Amino acid sequence: MLESNKDSAKLDAMKRIVGMIAKGKNASELFPAVVKNVASKNIEIKKLVYVYLVRYAEEQQDLALLSISTFQRALKDPNQLIRASALRVLSSIRVPIIVPIMMLAIKEASADLSPYVRKNAAHAIQKLYSLDPEQKEMLIEVIEKLLKDKSTLVAGSVVMAFEEVCPDRIDLIHKNYRKLCNLLVDVEEWGQVVIIHMLTRYARTQFVSPWKEGDELEDNGKNFYESDDDQKEKTDKKKKPYTMDPDHRLLIRNTKPLLQSRNAAVVMAVAQLYWHISPKSEAGIISKSLVRLLRSNREVQYIVLQNIATMSIQRKGMFEPYLKSFYVRSTDPTMIKTLKLEILTNLANEANISTLLREFQTYVKSQDKQFAAATIQTIGRCATNILEVTDTCLNGLVCLLSNRDEIVVAESVVVIKKLLQMQPAQHGEIIKHMAKLLDSITVPVARASILWLIGENCERVPKIAPDVLRKMAKSFTSEDDLVKLQILNLGAKLYLTNSKQTKLLTQYILNLGKYDQNYDIRDRTRFIRQLIVPNVKSGALSKYAKKIFLAQKPAPLLESPFKDRDHFQLGTLSHTLNIKATGYLELSNWPEVAPDPSVRNVEVIELAKEWTPAGKAKQENSAKKFYSESEEEEDSSDSSSDSESESGSESGEQGESGEEGDSNEDSSEDSSSEQDSESGRESGLENKRTAKRNSKAKGKSDSEDGEKENEKSKTSDSSNDESSSIEDSSSDSESESEPESESESRRVTKEKEKKTKQDRTPLTKDVSLLDLDDFNPVSTPVALPTPALSPSLMADLEGLHLSTSSSVISVSTPAFVPTKTHVLLHRMSGKGLAAHYFFPRQPCIFGDKMVSIQITLNNTTDRKIENIHIGEKKLPIGMKMHVFNPIDSLEPEGSITVSMGIDFCDSTQTASFQLCTKDDCFNVNIQPPVGELLLPVAMSEKDFKKEQGVLTGMNETSAVIIAAPQNFTPSVIFQKVVNVANVGAVPSGQDNIHRYEELNFEAL
């Protein structure tokens, strides 16, 4: 079929061959026939041929080399799938002679327009590096180039290549760190795993430890020779609070959504990231996601449980709420059962041990003997860790000694032996009971444990010990080697403590051991004979024989087998195997001092500056410095903050409350500067200041004209209106703070200046006020008797004069309405701390744009709640919050009301944050009703209609008011309206029309 002239037959043949490969059958014999079709013009055939060649090119290198020219031509194919497949086949031919060709192909593919081809170039980098490591430097250049790629398709593959070729070149990641964090959610799942592991290592080298707060409290002592100055420096360092790097926070925040991923590997990767680099208070969120993975197949369960076992040793509290999720199911395989037992043991404490012991009693009866034995060991560990239940566990294990199952009895003996070492004097009866079991127990380890226990306590059971030795002497030759060694030890101990009864028995046993087949037993016999039986040849050691044999032995420490695994990174093969696997990259320790964070800054080309002629801007700055000094400072600070970080919003969220006012000013400045750069500045920096002194009427007419202009240039109306209203309203608040006479005089003089400047500037019919700054007359100015003004400019000038005489919009006092409270934190969720909030409808003292919120905190417990404060804030971009001062303590049944301010950015988005006490943090959120985002204003009906005419629309919120017809009076309607919205009534000339006016906070 492959030799056929028909493409349909070839295609059918190739489908069958690829099907054979998929089923695991060997199709290498068909290689020569398949290679002939590599030059086929049919794209479908060519794709399948490339799939076959990728599989067998490494095995049939000579034949594949014959077609290498075809692969090189295919690298230029217009179809991206063919280009990518050709590169894959080329990189699969592992012959050193074609390394230069592969290198050239990778370089070309890395600059390909298709992200799919670039992705395959990243895959080929790893193959070429394993074939020829000497190409490392050239490959690093390609990796550096691909790391800058903004495609999510490429990101995972290039980071994998980075991890293979140059994992130590952290400097390549600096500039791409923020981009990788932001792209992470959109990368494919296996790319996410690789990127998260790489960023975990990166974070451990670039940020300081977020765990230091608890450690700093330990060493408070002062050295004797230490001076007071040194001590002061030390305390200053300790008092310095830990502030998380914004980039550190960016990584933690951007990986959090991936805990909901359907891919278990992604969830596990995020879990290990939180475990290794997040503050301990935030690591708890991974526990729920890991417990969710326990519903997966047994292989996933095994890996997840291993990691949980390691975590539960250090931080039990994370998994205590999910204790029942680790109960063993009858359908679980033995490996899963054993791991669940391990976790239950780690989580055991005084509160839950009684429940766990009842659970363990059921497990002991299991048909799986290996699991039953592991359960008995678990009971022993619980007995050593929790002293309150030691006796209970010991009695339970003694009861198991009468079990019919030999393995259970043997394991119980071994565990009892370890427990009795802790307090042997109190348990003579148990030792006697175990001595009687020697006749029935056949498991060597159990018999050896009983003999060792009797030998150690031979002085406490003087009657039983010699009889046990007599019985063991009879069966010495048939015993296991482990038991023989303990018989020899028992004989030596009895010889030293009770030689009258046991001297002959011991010599008999030593004679038997002297001729035993096992050389260990023969050596032990010679050693003991020389040590305990004095003769001429025996040395000085024989004097200390009793001290050597009957020395006090330390009790065994029953520890978790997962205790030493925490030095491996969670989720890695090395952690699973508990040995360092090939290619494992160790996590470095946190640096004492964080490296320079500016290395992650990316230079952003500010497009706004390109619109303004450079020479003109300089001229204006130098000439009009008197009026624009403050604006220059603000602009410079804005530009520096823009270039400092790509993710300004993330870093902004970490700012202190004292800086929020500045950020409000910056945002208004930014919005106004954006408007200027898009549609042209009005009249330079001097006129920018003049615009700030104008009233509302001028702002509205500006926005109308702006609409007309922007319709021509197809720019956004709403953004311009919004920014102009922000600028104008901020100018109102400035002008009100000045004395009346001074502001009036300054306004008049600036209007005159503006008018004379406009008179001097000749304008064409198309140019409006917004374009004056960038308009340069080509011809020589001609003196005209009257200036030729455009209609839009005339309207603006009329607005300027009217603003001095017409009434301005003023905020009125809100109408009284009953206070409506909302639950912020329920007392059950807050562990006794209850919080309610309401909107007082008063101007916020923390900022003009902020909504005032009153929070009432109640302590419903019988103990004092300390250090109530706002913790982490999770606010949408642009939203700002002014928090209340921390409350040192709240007495039992006490109550306190505090004030906050939140800038909701004129939206009903939820403000999420943490309300914290000394011991706990609770996630809470505030979502404002639309009516609380408004301020009531007073105006005439004429002004109302005028303002109504310039509204752009696009926003509407409706509510239904229900009232009886006889009560439908203006006062009732007004009361109903103000109950849902903070608005002011407008006098109306018609009885059936009621008008209300409000001002949103964004216009302030």
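The values are calculated or read from the model by the stated rules, or taken from the named source; none is laboratory data. The shown structure was predicted, so the numbers you read here are calculated from the model rather than taken from an experiment. Note that each Cβ is placed from the backbone with ideal geometry, even for glycine, and that neighbours are counted across all protein chains shown. To get the accessible areas, we keep the full protein, side chains included, count just its heavy atoms, and leave off ligands, DNA and RNA. Shrake-Rupley method; radii C 1.70, N 1.55, O 1.52, S 1.80 Å.
Computed quantities for the displayed model
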quantity: Given (1) over 34 Å from the mean Cα position of the chain (by Cα); (2) crowded, with 19+ Cβ neighbours inside 10 Å; (3) not hydrophobic (A, V, I, L, M, F, W, C), number of the condition residue 176 does not satisfy; calculated: (1)
quantity: Residue match in the range 511-531 (condition: of a type in the set (Asp, Glu), in contact with a helix residue (DSSP H, G or I) (Cβ under 8 Å, 6 or more places away or on another chain), surrounded by fewer than 19 Cβ atoms within 10 Å (Cβ to Cβ) and not in a helix (DSSP H, G or I)); calculated: yes
quantity: The range 895-952, subset among the acidic types (Asp, Glu), under 22 Å from residue 981 (Cα atoms) and touching a residue at least 60 places away in the same chain (Cβ under 8 Å), residue least open to solvent (accessible area, probe 1.4 Å); calculated: 903
quantity: Long-range neighbours under 6 Å by Cβ, at least six apart or interchain, first residue of a type in the set (Ser, Thr, Tyr) within the range 344-371, second surrounded by 19 or more Cβ atoms within 10 Å (Cβ to Cβ); calculated: 345/378; 345/381; 363/375; 366/372
quantity: Which listed residue is surrounded by fewer than 19 Cβ atoms within 10 Å (Cβ to Cβ) and in contact with a Leu (Cβ under 9 Å, 6 or more places away or on another chain), from 89, 95, 117; calculated: 95
quantity: Pairs where the first residue, in the range 93-105, is modelled with pLDDT under 80 and the second is among the aromatic types (Phe, Trp, Tyr) and surrounded by 15 or more Cβ atoms within 10 Å (Cβ to Cβ), C-beta under 6 Å, 6+ apart; calculated: none
quantity: One residue from 101, 17, 43 being within 25 Å of residue 128 (Cβ to Cβ) and of a type in the set (A, V, I, L, M); calculated: 101
quantity: Index of the failed condition, residue 153 passing every other in (1) in a loop (DSSP other than H, G, I, E, B); (2) in contact (Cβ under 8 Å) with a residue 12 or more places away in the chain; (3) open to solvent by 40 Å² or more (accessible area, probe 1.4 Å); calculated: (1)
quantity: Candidate set: the range 226-260, residues that are part of a loop (DSSP other than H, G, I, E, B) and at pLDDT 50 or above; chosen: the one surrounded by the most Cβ atoms within 10 Å (Cβ to Cβ); calculated: 245
quantity: Count of residues meeting criterion [part of a helix (DSSP H, G or I) and open to solvent by 70 Å² or more (accessible area, probe 1.4 Å)] in the range 21-32; calculated: 2
quantity: Hits in the range 70-84 - residues which are assigned to a helix (DSSP H, G or I) and open to solvent by 20 Å² or more (accessible area, probe 1.4 Å); calculated: 70, 72, 73, 80, 81, 83
quantity: Selected residue (only one of 137, 144, 164, 108 is farther than 30 Å from residue 70 by Cβ and touching a residue at least 24 places away in the same chain (Cβ under 8 Å)); calculated: 144
quantity: Any pair with Cβ under 6 angstrom, 6 or more apart, that starts in the range 394-420 at a residue that is over 16 Å from residue 365 (Cβ atoms) and ends at one that is of a type in the set (Ser, Thr, Tyr) and part of a helix (DSSP H, G or I); calculated: 413/449; 414/449; 417/449
quantity: Condition check for residue 409: in contact with a Leu (Cβ under 6 Å, 6 or more places away or on another chain), aliphatic (A, V, I, L, M) and under 19 Å from residue 370 (Cα atoms); calculated: yes
quantity: Matching residues, the range 48-69, being among the polar types (S, T, N, Q) and open to solvent by less than 50 Å² (accessible area, probe 1.4 Å); calculated: 67
quantity: For residue 386: the one exception among (1) under 45 Å from the mean Cα position of the chain (by Cα); (2) within 29 Å of residue 550 (Cβ to Cβ); (3) at pLDDT 80 or above; calculated: (2)
quantity: Qualifying residue in the range 40-53 (condition: farther than 17 Å from residue 11 by Cα and of a type outside the set (Ser, Thr, Tyr)); calculated: no
quantity: Scope the range 591-615; condition among the small types (Gly, Ala, Ser) and at pLDDT below 50; matching residues; calculated: 608, 614, 615
quantity: Enumeration of residues in the range 478-492 that are open to solvent by 10 Å² or more (accessible area, probe 1.4 Å) and touching a Lys or Arg at 6+ places or on another chain (Cβ under 9 Å); calculated: 479, 480, 482, 484, 485, 486, 489
quantity: Test result for residue 263, closer than 29 Å to residue 334 by Cα and surrounded by fewer than 16 Cβ atoms within 10 Å (Cβ to Cβ); calculated: yes
quantity: Residue pairs meeting the criteria (Cβ under 9 Å; at least 6 apart or on separate chains; first modelled with pLDDT of 95 or more and part of a loop (DSSP other than H, G, I, E, B), in the range 113-133; second of a type in the set (Lys, Arg) and surrounded by fewer than 17 Cβ atoms within 10 Å (Cβ to Cβ)); calculated: none
quantity: Whichever residue in the range 820-872 is surrounded by fewer than 17 Cβ atoms within 10 Å (Cβ to Cβ), among the charged types (D, E, K, R) and under 26 Å from residue 920 (Cα atoms) and, among such residues, is farthest from the chain's Cα centre (by Cα); calculated: 862
quantity: Residue 850, sole failed condition from (1) at pLDDT below 85; (2) in contact with an Asp or Glu (Cβ under 8 Å, 6 or more places away or on another chain); calculated: (1)
quantity: Strands (runs of 3 or more DSSP E) enclosed by the range 813-895 - at least 1 residues per element that are of a type in the set (Ser, Thr, Tyr); calculated: 833-838, 851-859, 887-890
quantity: Matching residues in the range 334-373 - criterion: being open to solvent by less than 60 Å² (accessible area, probe 1.4 Å), in a helix (DSSP H, G or I), within 22 Å of residue 290 (Cβ to Cβ) and not polar (S, T, N, Q); calculated: 336, 337, 339, 340, 341, 342, 343, 344, 347, 356, 359
quantity: Every residue from the range 465-476 that is farther than 16 Å from residue 492 by Cα and either small (Gly, Ala, Ser) or touching a residue at least 24 places away in the same chain (Cβ under 8 Å) (or both); calculated: 475
quantity: Count of residues meeting criterion [open to solvent by 20 Å² or more (accessible area, probe 1.4 Å) and either among the small types (Gly, Ala, Ser) or touching a residue at least 24 places away in the same chain (Cβ under 8 Å) (or both)] in the range 293-312; calculated: 7
quantity: Out of 195, 170, sole residue that is without any contact (Cβ under 8 Å) to a residue 60 or more places away in the chain, closer than 23 Å to residue 130 by Cα and open to solvent by 10 Å² or more (accessible area, probe 1.4 Å); calculated: 170
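Listed here are the residues, each with its yes/no results for (1) among the small types (Gly, Ala, Ser); (2) part of a helix (DSSP H, G or I); (3) surrounded by 17 or more Cβ atoms within 10 Å (Cβ to Cβ).
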{"residue": "12", "(1), (2), (3)": "no, yes, no"}
{"residue": "19", "(1), (2), (3)": "yes, yes, no"}
{"residue": "34", "(1), (2), (3)": "no, yes, yes"}
{"residue": "38", "(1), (2), (3)": "no, yes, yes"}
